[in-house]
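The values are calculated or read from the model by the stated rules, or taken from the named source; none is laboratory data. This is a predicted model, so every value here is computed, not measured. For neighbour counting, all protein chains shown are included, and Cβ atoms are generated from backbone atoms with ideal geometry for every residue, glycine included. To get the accessible areas, we keep the full protein, side chains included, count just its heavy atoms, and leave off ligands, DNA and RNA. Shrake-Rupley method; radii C 1.70, N 1.55, O 1.52, S 1.80 Å.
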Number of protein chains: 2
Amino acid sequence: MARKRFDDSNCSVARALNEVGDWWSLLIVLQAMYGVRRFVDFQQELGIARNILCDRLARLVDNEVLQKVEVGEHGSRQEYRLTDKGRDLFPVVIALRQWGDKWNPSPDGAPLNLRDRENGQPIRAMAVQSMDGRELTVRDVYVPEEDVPETGSQNAGSVG
Amino acid sequence: MARKRFDDSNCSVARALNEVGDWWSLLIVLQAMYGVRRFVDFQQELGIARNILCDRLARLVDNEVLQKVEVGEHGSRQEYRLTDKGRDLFPVVIALRQWGDKWNPSPDGAPLNLRDRENGQPIRAMAVQSMDGRELTVRDVYVPEEDVPETGSQNAGSVG
DNA sequence: CAATAGGGTTGCATTACGAAACCAAATTAA
DNA sequence: TTAATTTGGTTTCGTAATGCAACCCTATTG
């Protein structure tokens, strides 16, 4: 049967995964953050099959993560650029990258080091924070009683 | 042909997606963060096919994101619990959730609100930060020249 | 002792993915 | 000016992954 979709799930993680939760989409967004904009370049950087790339780009455009821009005089040259929505995936990508670097260190050498353009310092480790800046773990948070989603659909009861 | 895998990619995002980048794995981890530990509960909460759930749980255990624990006297009752590695996905999940809440608001009602156990306040929006706490966008970071990965394999040149 | 719950496995139909070939418009090279 | 190349796709086809349902075995409950 068809792959299950979660467009109308009342879990926003599920809805998010619906848009960028497949093998390629996030990598495409990552490349876009690296500055890649052209079909051929995505294809070469990722080694993705062209038909799949077409499909993913179209879906990302549909979901307004990317925007397709005609460049060149008579059309026939396109660019795929990140929208604000797409750029907003930056924390997701960085969180994932840091997790990967920490728990699956690169087989050959140092992790990609990202630096603050302003002073050349490395960036901070991503963390869930309280309003006053404390770092929160899974156990430090909860869902208020009145907001606990009913079980059996997509969300379980308590966090922690 | 086989779905492309990225075990040995020198991009840590790709390696991370290799472990939790499919449709179900992150949702399973999310449920685990909600406190779900039993096979049947995962199955009911997610509505996932049982064989797929088996496969994903086994893979997550292999990758040390979950740990399988025998409970009950004579075996035959298992629990799947998050490891430190799994719990460390918290920032990833929260970043994804906040992105989903912002750009694909729940069709029926308010987003799941997570609160700080210590004072009942909501948590902060995830952000990539500089060492001194400034919020950084994609354009505020760069990769130092000597660390720029060669093009054509898995990473493009510059960030921004 | 029968019924049920927990945790899987097996078979089968449907769908998605990957590789390579093919295509057409627009550039560039000769 | 014609031929080759680049860009952005689509088509075809074989393989892999998914979902559903049915089945299995071991504990526990009634």
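Here are some notes:
- Scanning region A:65-96 for residues that are assigned to a strand (DSSP E or B) and aromatic (Phe, Trp, Tyr) yields a count of 1.
- Among the candidates A:VAL93, A:VAL61, A:VAL69, the residue that is touching a residue at least 12 places away in the same chain (Cβ under 8 Å) and within 30 Å of A:VAL128 (Cβ to Cβ) is uniquely A:VAL93.
- Restricting region B:65-74 to residues that are away from chain A (no Cβ under 12 Å) and open to solvent by less than 40 Å² (accessible area, probe 1.4 Å), the residue that is nearest to DNA strand C (Cβ to nearest atom): B:VAL71
- Selection of region B:43-58 for residues being more than 6 Å from DNA strand D (Cβ to nearest atom), small (Gly, Ala, Ser) and facing chain A (nearest Cβ under 9 Å) yields only B:GLY47.
- Residues of region A:43-53 that turn out to be more than 7 Å from DNA strand C (Cβ to nearest atom) and without any contact (Cβ under 8 Å) to a residue 12 or more places away in the chain, as a count: 2
- Qualifying positions in region A:111-132 - closer than 22 Å to B:PRO91 by Cα, part of a loop (DSSP other than H, G, I, E, B) and at the interface with another protein chain (Cβ under 7 Å from one of its Cβ atoms): A:PRO111, A:LEU112, A:ASN113, A:LEU114, A:GLN121, A:ARG124, A:MET126, A:ALA127, A:VAL128, A:SER130, A:MET131
- Odd one out for B:ARG77 among (1) more than 18 Å from B:GLY21 (Cβ to Cβ); (2) of a type in the set (D, E, K, R); (3) facing another protein chain (nearest Cβ under 7 Å): (3)
- Filtering B:TRP23, B:TRP99 for residues that are aromatic (Phe, Trp, Tyr), buried (at least 17 other Cβ atoms within 10 Å of the Cβ), facing chain A (nearest Cβ under 9 Å) and assigned to a loop (DSSP other than H, G, I, E, B) leaves a single hit, B:TRP23.
For every residue, the table says whether it meets (1) touching a Lys or Arg at 6+ places or on another chain (Cβ under 8 Å); (2) among the small types (Gly, Ala, Ser); (3) touching a residue at least 12 places away in the same chain (Cβ under 8 Å).
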| position | (1), (2), (3) |
| --- | --- |
| B:GLN78 | yes, no, yes |
| B:GLY86 | no, yes, yes |
| B:LEU89 | no, no, yes |
| B:TRP99 | no, no, no |
| B:SER130 | yes, yes, no |
| B:VAL143 | yes, no, yes |
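- Inside region A:116-143, residues that are touching a Phe, Trp or Tyr at 6+ places or on another chain (Cβ under 8 Å), under 19 Å from A:TRP99 (Cβ atoms) and not aliphatic (A, V, I, L, M) make up a count of 1.
- Residue that is within 22 Å of B:MET126 (Cβ to Cβ), open to solvent by 60 Å² or more (accessible area, probe 1.4 Å) and not small (Gly, Ala, Ser), where the choices are A:ASP116, A:ASP88, A:ASP84, A:ASP62: A:ASP84
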